[in-house]
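Student: Sending over a structure as structure tokens; questions will come in a sec.
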Amino acid sequence: MKIAIQGELGSFSHEAAEAMLPRATVVPCARSLEVFDRVKRGTVNGAVIPIENSLAGSVAEHFDLLLSRDVHIVREFRLRIVHNLIALPGARLGDVRRVFSHPVALDQCRDLFAKNPKLEPMPFYDTAGSVKHVVADGLRDAAGIASRRAAEVYGGKILKAGIEDDKKNFTRFFLIERGKIELKKIELNKIKPAKPRAARNPDKAKAEKTSLAFSLKNVPGALFKALSVFALRDISLSKIESRPMRGRPWEYVFFVDLLRGDDEDSRHALRHLSEVAELVKVLGIYPEA
């Protein structure tokens, strides 16, 4: 299999792709748009993309691309993010004056710069790319912040390991593939009422996860009505977030994660939602990480 990632080899996306698909060939891409376009064209079998960090929040561009492109989520994975200060072989911490990395990574290592005022943070396009830059250009007064895998790939030396401020730092990744998600058809003519709470199967509710996007008319109670289709069926939401709609100023799309898969209740909830929403797109139904 060929799996695309945004960023260089040795990035956290590379690490996540190797964990999810150990035998896959990882194809690095400079931009997220290129990743999605490769999936759409079929030049790769799929892609591994970061969607949310436990500290920095969501990757907005990837939400927008999931909505606009003909792809679907197959699987999710959570990766513990461990940042390392990586320099040329033979370099010492005292030699370093500039530290390159992605702005999010720099922001997650504030304690390093507070304790070492001589170090100047330098925003860069990619974590692994910063190490590649330092080693390839022989920058003896510089270092990069990246994963241990980046040090292995580019032959860098780890000066300090585990420099992230918060050790509970995780990134959630999606494995995506080409095409839309196929749902089982509902044959009933009317929306089936919600089952009483006692009839639920709590184990089944935890077995799967669904991600979807929907938009609403800007009228009183619209969001309440949309969310009630899940509440009435005892379907738990683990995430809800709004994003601006491209080409429609001051209108928004809601992205929601449900802790339920493609069962009877969720299918009826989605049908009910389609009656109160302008747009409903199921982004994926997949095992919960």
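The values are calculated or read from the model by the stated rules, or taken from the named source; none is laboratory data. Keep in mind that this is a model prediction, so the values were computed, not measured. Cβ: placed from backbone, ideal geometry, glycine included. Neighbour counts: every protein chain shown.
Student: Among the residues of segment 24-39, is there at least one that is at pLDDT below 95, surrounded by fewer than 20 Cβ atoms within 10 Å (Cβ to Cβ) and over 16 Å from the mean Cα position of the chain (by Cα)?
Tutor: Within segment 24-39, one or more residues are at pLDDT below 95, surrounded by fewer than 20 Cβ atoms within 10 Å (Cβ to Cβ) and over 16 Å from the mean Cα position of the chain (by Cα).
Student: Pairs under 9 Å by beta carbon, first residue touching a residue at least 60 places away in the same chain (Cβ under 8 Å) in segment 157-182, partner of a type in the set (Lys, Arg) and exposed (fewer than 12 other Cβ atoms within 10 Å of the Cβ), six or more apart or different chains?
Tutor: Final answer for the pair search is Leu159/Arg92; Arg178/Arg41.
This table checks each residue for (1) farther than 29 Å from Phe173 by Cβ; (2) surrounded by fewer than 20 Cβ atoms within 10 Å (Cβ to Cβ); (3) at pLDDT below 95.
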| site | (1), (2), (3) |
| --- | --- |
| Ala199 | yes, yes, yes |
| Ser211 | no, no, no |
| Arg246 | no, yes, yes |
| Pro249 | yes, yes, yes |
| Gly261 | no, yes, yes |
| Arg267 | no, yes, yes |
| Glu288 | no, yes, yes |
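Student: To continue, here is another question. Let me spell it out: the conditions are (1) among the β-branched types (Val, Ile, Thr); (2) more than 24 Å from Val48 (Cβ to Cβ); (3) touching a Pro at 6+ places or on another chain (Cβ under 9 Å), and Val96 meets all of them except one. Which number is the exception?
Tutor: Every condition holds for Val96 apart from (3).
Student: I would also like to ask the following. Check Ala17, Ala4 and return the single one that is within 24 Å of Lys209 (Cα to Cα), of a type in the set (A, V, I, L, M) and assigned to a helix (DSSP H, G or I).
Tutor: Residue meeting the stated conditions: Ala17.
Student: Then there's this: Consider segment 1-30. How many of its residues are more than 14 Å from Phe174 (Cβ to Cβ) and among the β-branched types (Val, Ile, Thr)?
Tutor: Of the residues in segment 1-30, 3 are more than 14 Å from Phe174 (Cβ to Cβ) and among the β-branched types (Val, Ile, Thr).
Student: In addition: Any idea how many residues of segment 71-85 are crowded, with 16+ Cβ neighbours inside 10 Å, touching a Ser or Thr at 6+ places or on another chain (Cβ under 8 Å) and assigned to a strand (DSSP E or B)?
Tutor: Selection size over segment 71-85: 3.
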